[in-house]
Each structure stands twice: as structure tokens, then as C-alpha cells.
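The values are calculated or read from the model by the stated rules, or taken from the named source; none is laboratory data. A quick note: this is a predicted structure, and the numbers were derived from the prediction, not measured. Counting neighbours? That spans all protein chains shown, and the Cβs are built from the backbone with ideal geometry, glycine included. The accessibility values were calculated without ligands, DNA or RNA, using every heavy atom of the protein model including side chains. Shrake-Rupley method; radii C 1.70, N 1.55, O 1.52, S 1.80 Å.
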Amino acid sequence: MRLHLLALNPTDSVTEGYLPAAARLGLAVTLLTDHPDAHRRAYARHVADDGEPLPELDIVACDVRDFREVIGRICELGRPDAVFTNSDHLQTQAALAADYLGLPGKDWKAAFNAKNKAQLRRALAGSGLDTVRSLELRPDEDPAVLAESDLPFPCVVKPREGVASEDVVLVHDAAELAERCREIRARRPGTALVVEEYLDGELHTLETLGDGTTLHPYAAFRTHLSPLPYFIEERLDLLPEPPRPHSEQVIAQLRALGIGFGVCHTEYVVQGDRARLIEVNYRSIGDQCDLVLAPLLDIPLFEHILRTHLGEPLPAELGARTDGRVRMEYVCAERGGVLKAAPGASDTERDGVRLVYRPLRELGEEHPHYRTNRDYLGVLRATGADQDRIDRAVAEFLAARRWEIVS
């Protein structure tokens, strides 16, 4: 059986999660990407580091952002058994390709609703389940038109199709709003923006997995953000179970959006008994959280996800363990410059806590200060059964190590 996988740049989720899972399922993989050389290098490093075996793999150059090129290239290569992507940017393209070929896949309209943040707000308001006041600033519109809006301040401005909190910022008045919009446009010419009311409250995630009929909420995190006005995820703690009634409300909103096939990562704010959606990412949770969940929950998570795209139903119960705890800690650069000193990769276990640290930036690399998750210098994955022990182990690890950036 053959899987066609669409990807942009290499990610840990694909290299360490989905491709080894495809190998375990006995799938041959054709990877269509606009970064073929980068993927070849990533997989060579994976093999050199004694990573899990990868499947029979063909890497094919393709303009994967264009669904017409994707469909044409797949038809040229021959009909696969499944089309899949874990990229935020490519869900609609993969869904259209699967539909064209008569293969199982996501509803392309649902993928579009999730990716387009303006359409997400319109679709939710139309469902009657939640209304967040928002405006769309199209690429040809001047930010000055926002002065006539009745949006409350503070509000949030973000790219309509953005990811990873890039160029997401809180603003406090009309002058600052116009200024921020112009700054984003200078970095991203022709970008459509969304401005919406600020939803204050604790930030949570809900991780779901569905086969089009059954929809399992399999994990939930509490997310800790950087100080405002930016929204960098600095720490995530796995919750013992998806909290109620919020998880039921999130699932109802996902179903209203047409989402229920494959894996989905949803972020929402808790306001009393209400769950207010921030964004819906129709793929697995990233930044190595998915790599932690599979062994901790003791379920074949990546295999389950791929099987849904092969047309196989999910089990009635996933059978996930509930006694494990996770803390994901991200070490962030506080300014731009060259990374001069940083710890290397490590994997240790002590007092019932396993600590896995992975660098995300090479020594000697120079970067500006992004104020997004591109500022991550490394990620610490702490797992165990006791949250207090995990928190102590993380604090001791961070205190004993040094990250130095020089101008």
C-alpha cells in the first residue's frame, strides 16, 4: 500500500512520528514537497542518529501549495491508497486531492474553515454556538479603515492564515492597531489580516481524533503564554483528562465546522463555564507534544491517524492511559543574535521523572528576535506520574544549564 504525504519544510512530527508509523504499517511513502533537499537532509540525520526505521520513501518535488499541481502530480505518479498531510498550510489541498481521487479524507470545506481565521469566525457565528466580534482586512485595504470599526479594545490582530503566533499581537487603541497592521504588512506584503476581540482567560487545548463517525477527545493541555502583548507558548501541562463542560462545547463547535475526520488540535479560552475557540489546527499538536503523547498514553497514535486516511474505522475506545503527566518547557531567546552557548541533547531519568532535552537551534546560528515559537532554543519534555516531581526536575534542569546569545 502507498501513502502520498504532502509537506513543506521538514518537521519533527513527520520525521519522527508519521514516517516511522508508516514503516510499522508496511506503507510505502511518496513525499511531495517544495523543499525536497531539506527533507533528504532531515531523513539522513534521522538515520544517522539511530532513529526509528523509515519506510520505503520517494521524495518528489511539487508546488504543494497549489491543489491543481498536487492533483496533477499524484495522477501522474499513480493513484495511492491514501493522501495525507500534517501541515497547517496544506490541509485543504490534501482534502481536495483525496476527494478528487475518491479516497478517504477531510472535508475540504472544513479544512478551509479551520485555516482561514476570518471564515472560522463567520462559520461559528453562523452556527449560533459562539460569536466573536471580528473584522477582516483584505490585502488591498488600508488599515485606516479600521478606525471606523466598533471593535472593543484591547483587541488582537493576526494574519488570516497565520501559524505559530507569528505576528499575533494585542493592541490597545486605534492608532496602535493601524501601526501594527502596517508593520505586519511590511514584513508580509499582501497579507490579509483579522482583527478580533481579545478573549481573556486560561488557554487550553483539546486534542481529538475521528474517523468521520466516532470522535475521540484523547488529550488536553493547559498552555502558559509569554507576557502580553505577544502570545508565545512557553509551557504546556497535560491535564488528567479533558475538562468538562468545556470539552463537550469544543466538540460541538468542531462538528459545526465540519471537523471530525483525522486528528485535530484546538486552542480555546476558558471563561467560566464557556469554551471560546481561539483557533483550530486541523492536524496533530506540534512542537514535539505529539511525540510525547503516543508513548505516554500508550496508544499507537500516529498509526491511528494514518489508518483513518486509509479508510479504517477507529476503535470504539482508544484505551489511552490516564496516569501519566507531561510538562513541555520551551527555552526561548529573549533577544536576537548569535547562539554562543547552549546544552546539547540529553535523555535522563531520575526519581520517576524522565527528562528529554532537544536543541532546536545550532550553536553559531544568528537570528533576529521573532517573538514567536521561532525563538525556541530548545524543548524539554518532562514525563512521569507525579506533577510536583516533574516541576522540581524541570526547575533543577533549567537552573543547571546556560543559554547565551551575543549580538
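Estimated at the nearest 10 Å², the accessible area of Arg283 is 40 Å² with a 1.4 Å probe.
Annotation note: chymotrypsin sites (Phe, Trp or Tyr not before Pro) in the stretch 39-122 located in DSSP loop regions with a Cβ neighbour count of at most 16 within 10 Å are absent. Of the GluC sites (Glu not before Pro) found in the stretch 310-358, those in coil by DSSP whose Cβ has at most 13 other Cβ atoms within 10 Å are Glu317, Glu334. Annotation: amide H-H contacts under 5 Å for Gly311 (H modelled 1.01 Å from N, sequence separation of 5 or more, or interchain): none. Around the amide H of Ile278, modelled in the peptide plane, lie the amide H atoms of Glu267, Tyr268, Val269, all under 5 Å away and 5 or more residues distant in sequence or on another chain. Phi-derived couplings, Karplus 6.51 cos²θ - 1.76 cosθ + 1.60 at θ = phi - 60°, listed residue by residue for the stretch 153-158: 10, x, 9, 10, 10, 7 Hz, with x used for Gly and Pro. For Ile405, nonlocal amide neighbours, meaning residues 5 or more places apart or on other chains whose placed amide H falls under 5 Å from its own, are Lys340. The length gained on full extension between Glu365 and Ser346, counted as 0.36 nm times the residue separation minus their Cα-Cα distance, comes to 4.8 nm.
The residues neighbouring Ala178, those whose beta-carbon lies less than 14 Å from its own, together hold a net charge of -4 under the Lys/Arg +1, Asp/Glu -1 convention. Each Lys and Arg adds +1 at its Cβ and each Asp and Glu adds -1 at its Cβ; summed about the Cα centre, the stretch 1-60 shows a dipole of about 140 debye.
Whenever you get a sec, compute what percent of the accessible area on the stretch 14-59 sits on carbon and sulfur atoms (1.4 Å probe).
47 percent
Scalar couplings 3J(HN,Hα) for the stretch 93-101, obtained by applying the Karplus form with A = 6.51, B = -1.76, C = 1.60 to θ = phi - 60°, are 4, 5, 5, 5, 5, 4, 5, 4, 8 Hz; x denotes Gly and Pro.
First compute the accessible area of the stretch 259-407 with a 1.4 Å probe, then give the percent of it belonging to carbon and sulfur atoms. Carbon-and-sulfur percentage of accessible area, whole number: 44. Take the chain with all the other protein chains still there, run a 1.4 Å probe, and you get 44 Å² of accessible area per residue.
Scalar couplings 3J(HN,Hα) for the stretch 163-175, obtained by applying the Karplus form with A = 6.51, B = -1.76, C = 1.60 to θ = phi - 60°, are 9, 6, 6, 6, 6, 9, 8, 8, 10, 10, 7, 5, 5 Hz; x denotes Gly and Pro. Compared with the direct C-alpha span, the chain from Arg401 to Arg274 gains 41.7 nm at full extension, assuming 0.36 nm per residue. With each label modelled as a point 7 angstrom along the Cα→C-beta vector, the Arg222-Arg335 pair spans 3.3 nm. Taking the DSSP bridge list for the chain and keeping only pairs wholly inside it, about 80 percent are antiparallel.
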